[in-house]
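The values are calculated or read from the model by the stated rules, or taken from the named source; none is laboratory data. Computed from a prediction, not measured in an experiment: that's the story for all the values here. When we count neighbours, we look across all protein chains shown, and the Cβ atoms used for this are built from the backbone with ideal geometry, even at glycine.
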Amino acid sequence: MLDSEKDYQSLLTLFEKLIDIVGDNKTHPLSSLMETLCLLIENYESKHYPKLDISGNEILQFLMEQNALTPSDLPEIGSIDEVSKIIKGQQELKSISFCVYIKNFSVFSCRCFLLILIN
């Protein structure tokens with residue numbers, strides 16, 4: 001259980017290091033640890049940070065705008081046509097690896113990741 005902002009920040013740092021090691025390899029021996037840390041972090045965030053009322057599609061669109069990216073810059077998510085449909089809300093953003101967001105957007109919030117995975 002996370003009891004402080006300091007613990008929360010420490011787990012975020014550890015989570016970031018695990019992402020560098022594990023990537024999106026779900027069979028990696030440390031993958032389950034990464035998932036557990038993410039749940040702990042998400043639990044802390046749900047208690048201490050306001051809940052986002054936004055879809056994965058909207059998050060992707062925002063991050064792309066903030067980073068001046070186009071659908072062709074995100075082949076990890078899908079084809080140009082698929083990414084275009086996602087940001088227009090014509091197709092749901094489904095399972096996406098944590099690494100895509102970390103590497104392309106420097107996003108470290110598990111809440112953001114979980115919202116994306118749920119959508």
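Annotations for the structure displayed:
- Qualifying positions in the range 17-32 - in contact with a helix residue (DSSP H, G or I) (Cβ under 7 Å, 6 or more places away or on another chain) and either in a helix (DSSP H, G or I) or closer than 19 Å to Glu76 by Cβ (or both): Leu18, Ile19, Val22, Gly23, Asp24, Asn25, His28, Ser31
- If you filter the range 68-94 down to residues that are out of contact with any helix residue (DSSP H, G or I) (no Cβ under 6 Å at 6 or more places or on another chain), part of a loop (DSSP other than H, G, I, E, B) and not aliphatic (A, V, I, L, M), you find that the one that is modelled with the lowest pLDDT is Lys94.
- Neighbours by Cβ (under 9 Å, 6+ apart or cross-chain): first from the range 31-42, at positive phi and surrounded by fewer than 17 Cβ atoms within 10 Å (Cβ to Cβ); second modelled with pLDDT of 85 or more and hydroxyl-bearing (Ser, Thr, Tyr): none
- Within the range 46-67, the set of residues being closer than 20 Å to Met1 by Cβ, modelled with pLDDT of 80 or more and not basic (Lys, Arg) comprises His48 only.
- Those residues of the range 11-30 which are among the acidic types (Asp, Glu) and either exposed (fewer than 13 other Cβ atoms within 10 Å of the Cβ) or modelled with pLDDT of 85 or more (or both), in sequence order: Asp20
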